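The values are calculated or read from the model by the stated rules, or taken from the named source; none is laboratory data. As the structure is a computational prediction, the values presented were derived from the model and not from experiment. Neighbour counts run over all protein chains shown; Cβ positions are idealised from the backbone, glycine included. Surface accessibility is based on the protein's heavy atoms, side chains included, excluding ligands, DNA and RNA. Shrake-Rupley method; radii C 1.70, N 1.55, O 1.52, S 1.80 Å.
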Amino acid sequence: MALRSINKLEVFLKRCSAPRLYYCCNKSAHSATNGIGTDDNNNNYNNNNNKNKNKNGYTGFSWRSVIRFFVPFSLGALASTMVAQREELTPTISARALSGRRREFNFIADVVAGCADSVVYIEIKDTRHFDYFSGQPITASNGSGFVIEQNGLILTNAHVVINKPNTMVQVRLSDGRTFPATIEDVDQTSDLATLRIQVNNLPVMKLGKSSTLRSGEWVVALGSPLALSNTVTAGVISSTQRASQELGLRNRDINYLQTDAAITFGNSGGPLVNLDGEAIGVNSMKVTAGISFAIPIDYVKVFLERAAARRRKGSAYKTGYPVKRYMGITMLTLTPDILFELKSRTQNMPNTLSHGVLVWKVIVGSPAHSGGLQPGDIVTHINKKEIKNSSDVYDALADGKKELDIVILRGVKQMRVTITPEDP
């Protein structure tokens, strides 16, 4: 049995091409054949060789040569196995293909693609002043809105459409078509209004639920800031319950949505949209960079239900909304919280300022614009009376005095301007 195993091993070595090993094993046999050594030695070698020959005729070999061959071979095989196992256990880092990332991660672009067609640009034309070259009425102010019914019903802010007498409203759709609009319903308390244009089959903005919003949720503001239509800004919800009393707005039982999405002049009336493409608010006002407010869509739904019920009863809205003397500004009361925030964000505001009204929009061509008021001015006194909130400004307009002597703070500089409001 042992001889048979040796024969098999010898066959294996021969097939593995180990000539050096066989040369070492048969060195003495070659020497005897070449005549080296005595006759007795040759006879002994031949006898032993004949004994070690097997039936296949192979010559025997030494175990030392076998060990010299197999030990390095075995060690090499073991090392190769360990390296292969180590490579399997070692984590590898591969670069991810960049193709398809735009489609996967641009969620804001997906929102805009689904709802931007329903956003409109609103222009307020002054019918008493005309452009010298075109002969068309000049634009007194502008704003935004969005379609809520296919038959041409548009939602916007009230201050966008009723801020000046002797004006007409013009709406431009996202496809470039322009239509005159009529005012259907106005609620000055909530600062909401609806317009109607004579066109059908318009893309409609879906209305969501503002009650389900969470702080930190992504939102997109759509509109036409600075008359740049189809503008998109994005941010998060900073607060879902910002009471109107905190903003110094009287007679408004509204908890505003606060967002850091950029909302500036002209964004008013546009939609604040969630990632499902649903309007969850109406852009209303901006205090400073990173602090803007929107009317919650749940409050808007109540206004729309009341307006629809009024139309069903036949008591359609008439342009008999209460008018006051016109100055041409949009303002915000500086509450202690807003003052603290403004002082922390701007370096050019005196620490002694404790009250006033922030002018955040001035209508071009209005008495305030002609008198020298600018956005960002803070009104502290009118006709030597302290101004602590927006109601004080309305009271000054109702006094009936022909001119208003206004003390403003522009940066760190105190200035005086004189404004002559227009009668209704």
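A single member of 365, 356, 376 is touching a residue at least 24 places away in the same chain (Cβ under 8 Å), open to solvent by less than 20 Å² (accessible area, probe 1.4 Å) and on the phi > 0 side of the Ramachandran plot, and it is 356. Entry remark, the range 400-424: residues being surrounded by 13 or more Cβ atoms within 10 Å (Cβ to Cβ), under 23 Å from residue 354 (Cα atoms) and among the β-branched types (Val, Ile, Thr) number 4 in total. If you go through the range 395-422 and keep only what is in a loop (DSSP other than H, G, I, E, B) and touching a Lys or Arg at 6+ places or on another chain (Cβ under 6 Å), you end up with just 421. Considering the range 280-317, the residues that are under 19 Å from residue 225 (Cβ atoms), open to solvent by 10 Å² or more (accessible area, probe 1.4 Å) and in a strand (DSSP E or B) include one that is modelled with the highest pLDDT, namely 291. Mind telling me which of the residues 182, 178 ends up being more than 16 Å from residue 266 (Cβ to Cβ) and over 31 Å from the mean Cα position of the chain (by Cα)? That would be 182, the only listed residue that is more than 16 Å from residue 266 (Cβ to Cβ) and over 31 Å from the mean Cα position of the chain (by Cα). The set of residues from the range 359-382 being in a loop (DSSP other than H, G, I, E, B) and either in contact with a helix residue (DSSP H, G or I) (Cβ under 6 Å, 6 or more places away or on another chain) or hydrophobic (A, V, I, L, M, F, W, C) (or both) comprises 363, 364, 373.
With respect to being open to solvent by 10 Å² or more (accessible area, probe 1.4 Å), within 22 Å of residue 294 (Cβ to Cβ) and within 32 Å of the chain's Cα centre (by Cα), residue 211 fits the description. Residue 397 meets all of the listed conditions (1) open to solvent by less than 40 Å² (accessible area, probe 1.4 Å); (2) closer than 26 Å to residue 289 by Cβ but one, namely (2).
All conditions in (1) open to solvent by 80 Å² or more (accessible area, probe 1.4 Å); (2) among the charged types (D, E, K, R); (3) part of a helix (DSSP H, G or I) hold for residue 392, with the sole exception of (1). Of the residues making up the range 199-246, those that are hydroxyl-bearing (Ser, Thr, Tyr), at pLDDT 90 or above and closer than 14 Å to residue 263 by Cβ are 233, 238.
Taking the range 186-205, which residues are within 26 Å of the chain's Cα centre (by Cα) and within 22 Å of residue 293 (Cβ to Cβ)?
Our first condition is that a residue be within 26 Å of the chain's Cα centre (by Cα); within the range 186-205, this holds for 203-205.
Across the range 186-205, the qualifying residue is only 205.
Identification of strands (runs of 3 or more DSSP E) wholly contained in the range 123-237 with 3 or more residues that are in contact with an Asp or Glu (Cβ under 8 Å, 6 or more places away or on another chain) and in contact (Cβ under 8 Å) with a residue 12 or more places away in the chain yields 137-149, 167-172, 192-196.
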